[in-house]
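The values are calculated or read from the model by the stated rules, or taken from the named source; none is laboratory data. All figures in this text were calculated on a predicted structure; none of them were measured in a lab. Using ideal geometry, Cβ is built from the backbone for each residue, glycine included, and neighbour counts are taken over all protein chains shown. The protein model used for the area step is the full one, side chains on, heavy atoms only, and it has no ligands, DNA or RNA in it. Shrake-Rupley method; radii C 1.70, N 1.55, O 1.52, S 1.80 Å.
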Amino acid sequence: MKKGDAFAMEQIYRNYWEVVLDSAYRRVRDEEIAQDITQEIFISLWENRSRLMIEGSLGAYLQGAVKYKVINYFKSAVIKDKHREDLLLLIGEKMELSAENKLMLKDLNKEIDDAISGLPEKMRQVFWMSRKQEKTISEISIELGLSVQTVKNQISSALKLLKERLSYLLFLAVLMQLI
């Protein structure tokens, strides 16, 4: 694998994916998140193959990877929840729905909708189904005739693009608090 042998990576994946998925699931208790963590671990293993220095067994290395990915997942979730709470508190305290504030909120929603509409067509459709229609990855996959992995990739790419395009909105929310 270290030399770029895809067959070797395939064998590693076949031998370990179920153990890694099970380990992740036992920690997060969510099938989709466990699948995402498993996928990230194997992608990272392949992408970093030339730099990896695995001492001991590969199984032990993968279990350690699961541990750290799960920790990072929970850290990220806590941070997102905190930002969401802060933003809701900010909006709740400072934005008495005056005419001016209603207009500002309408403008913010328009910015978000514009950013979503700026996504490539298939990505926009997948993202819309996921976030606005609250469909699962499996449901979207079946409905659009796409692989589960393609749906995951589309959602991930959409979130990355939207994050880049809309990163200033949190800054605006903070400024609105000061007003």
- Item | Spin-label pair residue 128/residue 54, simplified geometry with 7 Å Cα→Cβ offset, distance in nm | 4.3
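Ranked from the most accessible area to the least, with a 1.4 Å probe and all protein chains present, what is the order of 69, 122, 75? Present the calculation step by step, with values, prior to reporting the outcome.
Details: 69 65, 122 90, 75 120 Å².
Result of the area sort, largest leading: 75, 122, 69.
Two decimals, Cα atoms only, Kirkwood Rh: what is Rg/Rh over the stretch 1-86? Spell out each step's value before the answer.
Working: Rg = 14.4 Å, Rh = 13.8 Å.
That ratio is 1.04, to two decimals.
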- Message: Please list, by residue number, everything in the stretch 131-155 whose backbone N is under 15 Å from a paramagnetic label point 7 Å out along Cα→Cβ of residue 112.
- Response: 131-134
- Can you list residues whose amide H is under 5 Å from residue 52's amide H, if they're 5+ apart or on another chain and H is modeled 1.01 Å from N? none
- Note on the structure: Given pairs 69/160; 67/110; 2/80; 3/67; 80/135; 3/80 and cut-off 30 Å on Cα-Cα distance, the over-length ones are 67/110; 2/80; 3/80
- Taking 7 Å along the Cα-to-C-beta vector as the label spot, tell me the residue 159-residue 29 distance in nanometres, rounded to one decimal. 2.1
